[in-house]
Amino acid sequence: MTGKLALNAKGLSKGYKIGKLKQQVLKGVDFTAYHGQVTMVMGPSGSGKSTLIAALSGLMKPDEGEVMALGENLWKKKRGKIDRFRLDHCGFIFQGFNLFPSLNATQQVEQVLKYQKVKKSEAHRRAVEVLDAVGLKHRLKQKPAELSGGEKQRVAIARALSKMPSLIFADEPTSALDSVSGQVVIKLLHQAAKERGAAVVVVTHDPRLEAYADRVIHMEDGKILSDTMISGPPVIV
Amino acid sequence: MSLALSTLIYEWRRYLAAVIALAVAGLLVLAMTGMFMGMALSFTATVDKSPAQIMILPPQAEGLFGDSGQPRRMIPMVYEHPGVAEVQPMIMNWAMWSNFPKDGQPAKGDGVRVVVVDPVKGAVTLPSDFSDATIEALKEPFAVILDRTSLGKLGVQVGDKAKMNGRTVTVAGVVDGYPNMFNTQVFTSYQTAKLIYVADDGPRVGPLLVKLKDPTRAKQVAAELNVLGAGQFKAWTREELSKSSQMGMMKEGGIAIMIGFMALVGVFIGIVITWQTLQGAILANIKEFASLRALGVSMGELRLIIIELSFWVGVAGLILTVILVSGVAMLAKVGGVPMDFPLFLDIPVAIMLMVIAILSGLFSLGILKKSQPADLLR
Ligand SMILES: Nc1ncnc2c1ncn2[C@@H]1O[C@H](COP(=O)(O)OP(=O)(O)O)[C@@H](O)[C@H]1O
Ligand SMILES: [Mg+2]
């Protein structure tokens, strides 16, 4: 799958109304992301990175432009179908971990799989497997309160990966973590791209993460300033 | 375990207000109805424990309480039925009671209801649960029998003397199961009743107690007696009369209205508190819900979680209600207050609590709009 276009967005624009003023946050952004690559979006705070991710992932409709995701025109779909698309194909990792306080690590993962109609025993097997893969084999029964920030983020990653998504969106996944935990997290995302062939879009302003990027896109003021392929152009198959 | 249930258990403190609100609403209604039902039950205790299978009341009477006077000539009419073994009028009359206070004891004076019984085993006027000792005690002139819970109210102990209508009587014993909220019942023999001026030999009598040769034919005989009486009286089986008297109690004095009002207040308070509590609790987890939304879980599924949550809150409320009501029932037993919680009240109250919980859940669904996954992106 490596090298295949996963996301192809054209002319994305989005503005927020604050009182009578309209603030343009995205100004005609074109964006692509490939399977098997970590695409890193960097830029100062308020430059529109999160808004871009929201538009790419079907969380917030842009005012203008279109998003082709896995070959489907995302914003032409009905709302229910967009939910369905995310359920089938998208994984999310946020700055906050957003784990249910009452569920242990295994249950957090199983909860999501339940909605994918994965059978109970299969869901359990997959949950344990993916938690093992993120290095939490010894933490299966722990609830969020008993986990460190880095461990919580790894549970969140496991939750996202367990669905076997083709698209993974991470918005500042390491900014609430210490640098060691941050390294672990970005490595896992990198691994997901390499081993699973997922298209991983990571928003960050942590320059240390650049080492794991295949491609770095700089944004400022709602526009893309630069787009650098680090690991060379993807092999088109 | 489902997400809803484990959330409720893990974060029970958050849901406590809702659970308590439901339990208090349940307790409010059940305690009220329980008290009135207990009262009604103690009113009808004399009917329920009578050995008579059939009771004769004037045609217009709907129960034991109200105008139950009728002409004495009904007695021979009832005897005309070949299945009838014995007919006796039920005599209940008012008397003034006062105790002889011992040192430091307060003087107690009260109106009491004298229930006249024949101290003969098997007599139609004698409650079937009176012991032999009680029957023997009643045979003495000026002997009276009280319910155990009335001793304090009337300021006497077993063996004490007291005054009724100015004559000195002796408290010869106690029975259990005849408490009365409003008027204390005092059992005497017909002889004693004469001595203290409460027996009435006039042309009118109260309800007639009818003992049958074959107790199993009560329903049939009652119907035949009604034909025989041709509208001059109405024959009731004991069970019919007991039920109708209880219902009459409920209808009387706006008790039903009061209970209805309490139920309404309970429902209202229950809904408001449960709803607000649920909303707050959902809001506390809104980011988690939003992250599920992001991962593609539909709004409908999240709504189901909330409804399930409110269902479990209702179940928890029910459990707490049972605990509270059991406590109140125990206290009432200790305090001698008659209370009764018949199933035909418990089940609607349980349903009411579940409806409150689920309705609150439905009202709380709106808050889910705040679970915008885009808000998690910042
Ligand atoms: N829901 C919103 N309503 C109004 N303004 C918003 C909203 N979300 C984001 N913004 C504004 O849009 C701009 C870009 O936000 P964002 O996409 O989050 O930038 P970044 O992720 O690069 O920091 C910011 O100035 C922010 O204040
Ligand atoms: Mg951001």
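Points to keep in mind about this one:
- Every residue from region B:1-45 that is hydroxyl-bearing (Ser, Thr, Tyr) and open to solvent by 20 Å² or more (accessible area, probe 1.4 Å): B:Ser2, B:Tyr10
- Filter result for A:Gln111 (under 18 Å from B:Leu3 (Cβ atoms), within 13 Å of another protein chain (Cβ to nearest Cβ) and open to solvent by less than 30 Å² (accessible area, probe 1.4 Å)): yes
- Check on A:Lys137, open to solvent by 60 Å² or more (accessible area, probe 1.4 Å) and without any contact (Cβ under 8 Å) to a residue 12 or more places away in the chain: yes
- Those residues of region A:25-34 which are open to solvent by 10 Å² or more (accessible area, probe 1.4 Å) and away from ligand 2 (no atom under 16 Å from the Cβ), in sequence order: A:Lys27, A:Gly28, A:Asp30, A:Thr32, A:Tyr34
- Sole exception among (1) more than 28 Å from B:Lys213 (Cα to Cα); (2) in a loop (DSSP other than H, G, I, E, B) for B:Leu64, by number: (1)
- Residue satisfying all of: in region B:346-378; among the hydroxyl-bearing types (Ser, Thr, Tyr) and away from ligand 1 (no atom under 16 Å from the Cβ); nearest to A:Ala54 (Cα to Cα) among these: B:Ser364
- In this entry, A:Leu59 is excluded by the filter for residues that are away from ligand 1 (no atom under 16 Å from the Cβ), in contact with a Leu (Cβ under 8 Å, 6 or more places away or on another chain), hydrophobic (A, V, I, L, M, F, W, C) and assigned to a loop (DSSP other than H, G, I, E, B).
- Qualifying residues in region A:51-61 (those that are open to solvent by less than 10 Å² (accessible area, probe 1.4 Å) and out of contact with any Pro (no Cβ under 7 Å at 6 or more places or on another chain)) - the one farthest from ligand 2 (Cβ to nearest atom): A:Gly58
- For A:Pro144, the test of being farther than 26 Å from A:Gln191 by Cα, open to solvent by less than 50 Å² (accessible area, probe 1.4 Å) and within 13 Å of chain B (Cβ to nearest Cβ) is failed.
- Which numbered condition A:Gly48 fails, given (1) more than 10 Å from chain B (Cβ to nearest Cβ); (2) open to solvent by less than 10 Å² (accessible area, probe 1.4 Å); (3) touching a helix residue (DSSP H, G or I) at 6+ places or on another chain (Cβ under 9 Å): (3)
- Positions within region A:92-106 being within 9 Å of chain B (Cβ to nearest Cβ) and either among the charged types (D, E, K, R) or not in a loop (DSSP other than H, G, I, E, B) (or both), in sequence order: A:Phe92
- Only residues that are without any contact (Cβ under 8 Å) to a residue 40 or more places away in the chain and crowded, with 21+ Cβ neighbours inside 10 Å were counted across region B:162-217, and they come to 3.
- Condition check for A:Phe85: away from ligand 1 (no atom under 16 Å from the Cβ), modelled with pLDDT of 95 or more and either out of contact with any Ser or Thr (no Cβ under 6 Å at 6 or more places or on another chain) or among the hydroxyl-bearing types (Ser, Thr, Tyr) (or both): yes
- So A:Lys152, is it within 9 Å of chain B (Cβ to nearest Cβ) and buried (at least 22 other Cβ atoms within 10 Å of the Cβ): no
- Cross-chain or 6+ apart pairs with Cβ under 8 Å, region B:351-378 first and closer than 17 Å to A:Phe94 by Cα, then of a type in the set (Ser, Thr, Tyr) and within 16 Å of ligand 1 (Cβ to nearest atom): B:Leu377/A:Ser50; B:Leu377/A:Thr51; B:Arg378/A:Ser50
- Selected residue (criterion: nearest to the other protein chains (Cβ to nearest Cβ)) from residues of region A:165-214 that are outside any loop (DSSP other than H, G, I, E, B) and within 16 Å of ligand 1 (Cβ to nearest atom): A:Asp171
- Residues located in region A:188-219, provided they are more than 16 Å from ligand 2 (Cβ to nearest atom) and among the aliphatic types (A, V, I, L, M): A:Leu188, A:Leu189, A:Ala192, A:Ala193, A:Ala198, A:Ala199, A:Val200, A:Ala211, A:Ala213, A:Val216
- Any hit, region B:75-82, residues being out of contact with any helix residue (DSSP H, G or I) (no Cβ under 9 Å at 6 or more places or on another chain) and assigned by TED's automatic domain parsing to the domain that holds B:Gly166: no
- Residue in region B:352-375 that is under 24 Å from A:Asn104 (Cβ atoms) and not acidic (Asp, Glu) present: yes
Let's see how each residue does on (1) within 14 Å of another protein chain (Cβ to nearest Cβ); (2) away from ligand 2 (no atom under 16 Å from the Cβ); (3) buried (at least 16 other Cβ atoms within 10 Å of the Cβ):
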position	(1), (2), (3)
A:Gly3	no, yes, no
A:Gly15	no, yes, yes
A:Ile18	no, yes, no
A:Gln23	no, no, no
A:Met40	no, no, yes
A:Ala69	yes, yes, yes
A:Asp83	yes, yes, yes
A:Cys90	yes, yes, yes
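- Any hit, region B:287-295, residues being more than 10 Å from chain A (Cβ to nearest Cβ), more than 16 Å from ligand 2 (Cβ to nearest atom) and not in a helix (DSSP H, G or I): no
- Among the residues of region A:62-87, those identified as assigned to a helix (DSSP H, G or I) and without any contact (Cβ under 8 Å) to a residue 40 or more places away in the chain are A:Leu74, A:Trp75, A:Lys76, A:Arg79, A:Gly80, A:Lys81, A:Ile82, A:Asp83, A:Arg84, A:Phe85, A:Arg86.
- Filter result (under 30 Å from A:Asp83 (Cβ atoms) and open to solvent by less than 40 Å² (accessible area, probe 1.4 Å)) within region B:322-365: B:Ala357, B:Ser360, B:Gly361, B:Ser364, B:Leu365
The values are calculated or read from the model by the stated rules, or taken from the named source; none is laboratory data. Computed from a predicted model, the values in this text were never measured in an experiment. FYI the Cβ positions are ideal-geometry reconstructions off the backbone, even for glycines, and counts take in every protein chain you see. Calculation scope for accessible area: heavy atoms of the full protein, side chains included, ligands and nucleic acids excluded. Shrake-Rupley method; radii C 1.70, N 1.55, O 1.52, S 1.80 Å.
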